[in-house]
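The values are calculated or read from the model by the stated rules, or taken from the named source; none is laboratory data. Since we're looking at a predicted model, the values are computed, not measured. Heads up, the Cβs are rebuilt from the backbone with ideal geometry, glycines too, and the neighbour counts pull from every protein chain shown. Side chains included, ligands, DNA and RNA excluded: accessible areas come from the protein's heavy atoms. Shrake-Rupley method; radii C 1.70, N 1.55, O 1.52, S 1.80 Å.
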Amino acid sequence: MIYERRGASSIQGAFTVPGDKSISHRALLFSSLAKGKSEIKGISSGGDVKSTMSCLKQLGVKIDQAGGVVTVRGEGKWAFSRPESMLDAGNSGTTMRLLTGILAGQKFETAITGDETLRKRPMQRIVAPLSEMGAKIVGSDNMTAPLRIFPAERLHGIRYELPLPSAQVKSSILLAGLFAHGETIVVEPVESRDHTERMLRLRKTKGPSGLETTITSDYEVMPAEYDVAGDISSAAFYLAAGAILPNSTVTARGITLNPTRTGFLDVLELMGAKVKIENVREVAGEPLGDVTVSHSELKGVEIGGEMIPRLIDELPVIGVLASFAKGETAIRDAHDLRRKESDRIVAVVDNLDAMGGEVQELDDGFVVNGTGHLVGAEIDTYKDHRIAMAFTVAGLAAEGVTTIRNAEWAQISFPEFYEILEGLIVQGRKTSMAK
Ligand code: S3P
């Protein structure tokens, strides 16, 4: 699909985004590990979550979807069956890394692969700790997918200090811990998203080198009813557009306000955007609420350190915001951004540059000098959903025509992105969508 637009004057209105991707993956995985019926409402409609669902079905889990509710009939952690063919995680790092934690403890051999992009992403970060636990995993060059996971003697617990904050690595180890003899302890240097711990109700303690979470194989995952909060990482695109387009006010209804995910809202406030948070409540252990953002003058900010994991997926759209903020915005300590669905440092820098922005690449981030002006350009999505969506937002605020080829990459996390966007644009100028 090609998305082409000659800017927009403003956006207005309230919207609902589909369920949070990270929470949706976990609701499916934990329901499959439980014995009994679980129900998931508001699951993410994105391709990544579909990948998790189809891998679990291949492992023999009974999953049905009807009327917006996904029903999972789990039979417990030992009831998975050997898949007939290789599992395919598609574009989804979360599927591959979390599922491998479960597969490492199984008594049968499996193999898991992914699309061209996922097959390039580093898996050593999970293979190292899982191997330390006794797992037998063989990968391709440089420890990338496809991964072959052989049945191991019983896994044993380890104490693992994560070398970098990663919720996927943390969750993979905790899931393997369900199959391990003794205690499995993960220690995080900086807190990353904690949906796994919340859903499994794992207690965190403060250890000498960071936050510690412990699990043992006695832990029984229980069936549950999940009501997934809206994905703040999807809502972020419209909230960013609301902050940079004059006369705009947009409200995201019912999005996750889990503090490990709300760094983007903090940045909007630091930049001077008007942010209003209302109707805060808690559903199934996860806070959520309505967030309204209105346009105002923005100023540059410094982002780094412990803030990074709380907004890692929003950094591309923050790069766009920064172009419309007065002064300099510097993103540092985000080296892992190079290892996402694309090298997002390169993708942001190249596309901002193509749009006439002033941007400088750093090894672990980028620096944007806000000029308040971008010009339309042909965007390279780098086959990355968040780059396609972030630069669609840039195109709304740019002068002239912006073209997003392969805009369908948005479907990985947010298939409804363009439809909801068109409904929010007030005085849209010319737009076209071609297959
Ligand atoms: C995710 C964790 C993050 C994030 C990804 C989803 C998760 O990745 O970027 O989109 O659901 O656990 P890392 O764990 O690699 O930081």
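See the values below:
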{"item": "Enumeration of residues in region 19-47 that are within 16 Å of the ligand (Cβ to nearest atom), within 13 Å of Asp227 (Cβ to Cβ) and out of contact with any Pro (no Cβ under 8 Å at 6 or more places or on another chain)", "result": "Gly19, Asp20, Ile23, Ser24, Ala27, Ile40"}
{"item": "Residues located in region 75-93, provided they are open to solvent by 10 Å² or more (accessible area, probe 1.4 Å) and either within 16 Å of the ligand (Cβ to nearest atom) or touching a residue at least 60 places away in the same chain (Cβ under 8 Å) (or both)", "result": "Lys77, Met86, Gly90"}
{"item": "Near pairs, Cβ below 6 angstrom, 6+ apart or cross-chain, from region 146-164 (within 18 Å of Arg97 (Cβ to Cβ)) to any residue that is open to solvent by 30 Å² or more (accessible area, probe 1.4 Å) and among the hydroxyl-bearing types (Ser, Thr, Tyr)", "result": "Glu161/Ser209"}
{"item": "Residues of region 235-259 classified as within 25 Å of Val190 (Cα to Cα) and open to solvent by 10 Å² or more (accessible area, probe 1.4 Å), total", "result": "2"}
{"item": "Ser217 being in contact with a helix residue (DSSP H, G or I) (Cβ under 8 Å, 6 or more places away or on another chain), over 25 Å from Leu162 (Cα atoms) and surrounded by 16 or more Cβ atoms within 10 Å (Cβ to Cβ)", "result": "no"}
{"item": "Any hit, region 277-296, residues being part of a helix (DSSP H, G or I), modelled with pLDDT of 95 or more and among the hydrophobic types (A, V, I, L, M, F, W, C)", "result": "no"}
{"item": "Filter result for Ser44 (within 24 Å of the chain's Cα centre (by Cα) and open to solvent by less than 30 Å² (accessible area, probe 1.4 Å))", "result": "yes"}
{"item": "Matching entry among Gly395, Gly357, Gly428 (being surrounded by 17 or more Cβ atoms within 10 Å (Cβ to Cβ), at pLDDT below 95 and away from the ligand (no atom under 16 Å from the Cβ))", "result": "Gly428"}
{"item": "Residue within region 330-340 that is within 15 Å of Leu239 (Cβ to Cβ), touching a helix residue (DSSP H, G or I) at 6+ places or on another chain (Cβ under 8 Å) and buried (at least 21 other Cβ atoms within 10 Å of the Cβ) present", "result": "no"}
{"item": "Failed item in (1) on the phi > 0 side of the Ramachandran plot; (2) modelled with pLDDT of 95 or more; (3) within 16 Å of the ligand (Cβ to nearest atom), with Gly182 passing the rest", "result": "(3)"}
{"item": "Single residue of region 297-312 satisfying the filter (in contact (Cβ under 8 Å) with a residue 40 or more places away in the chain and part of a loop (DSSP other than H, G, I, E, B)) that is nearest to Asp333 (Cα to Cα)", "result": "Gly304"}
{"item": "Residues of region 262-293 classified as surrounded by fewer than 17 Cβ atoms within 10 Å (Cβ to Cβ) and either of a type in the set (Asp, Glu) or more than 23 Å from the chain's Cα centre (by Cα) (or both), total", "result": "8"}
{"item": "The listed residue being within 23 Å of Lys57 (Cα to Cα) and within 16 Å of the ligand (Cβ to nearest atom), out of Gly114, Gly105", "result": "Gly114"}
{"item": "Extreme residue, nearest to Ser171 (Cα to Cα), among residues of region 215-258 that are part of a strand (DSSP E or B) and small (Gly, Ala, Ser)", "result": "Gly230"}
{"item": "Candidate set: region 188-213, residues that are of a type outside the set (D, E, K, R) and surrounded by fewer than 18 Cβ atoms within 10 Å (Cβ to Cβ); chosen: the one farthest from the ligand (Cβ to nearest atom)", "result": "Pro208"}
{"item": "Positions within region 158-170 being more than 15 Å from the ligand (Cβ to nearest atom) and touching a helix residue (DSSP H, G or I) at 6+ places or on another chain (Cβ under 6 Å), in sequence order", "result": "Ile158"}
{"item": "Members of region 58-85 found to be under 22 Å from Gly46 (Cβ atoms) and aliphatic (A, V, I, L, M), listed by number", "result": "Leu59, Val61, Ile63, Ala66, Val69, Val70, Val72"}
{"item": "For Ile173: the one exception among (1) within 14 Å of the ligand (Cβ to nearest atom); (2) of a type outside the set (D, E, K, R); (3) over 21 Å from the mean Cα position of the chain (by Cα)", "result": "(3)"}
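Listed here are the residues, each with its yes/no results for (1) in the same structural domain as Pro122 (by TED's automatic domain parsing); (2) among the small types (Gly, Ala, Ser).
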| site | (1), (2) |
| --- | --- |
| Ala145 | yes, yes |
| Arg159 | yes, no |
| Ala176 | yes, yes |
| Pro189 | yes, no |
| Ser192 | yes, yes |
| Phe237 | no, no |
| Thr249 | no, no |
| Thr260 | no, no |
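Residues are listed down the side, and each one gets a yes or a no for (1) within 17 Å of the chain's Cα centre (by Cα); (2) farther than 21 Å from Ala252 by Cα; (3) open to solvent by 10 Å² or more (accessible area, probe 1.4 Å):
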site	(1), (2), (3)
Glu328	no, yes, yes
Asp350	no, yes, yes
Leu362	no, yes, yes
Ala407	no, yes, no
Glu422	no, no, yes
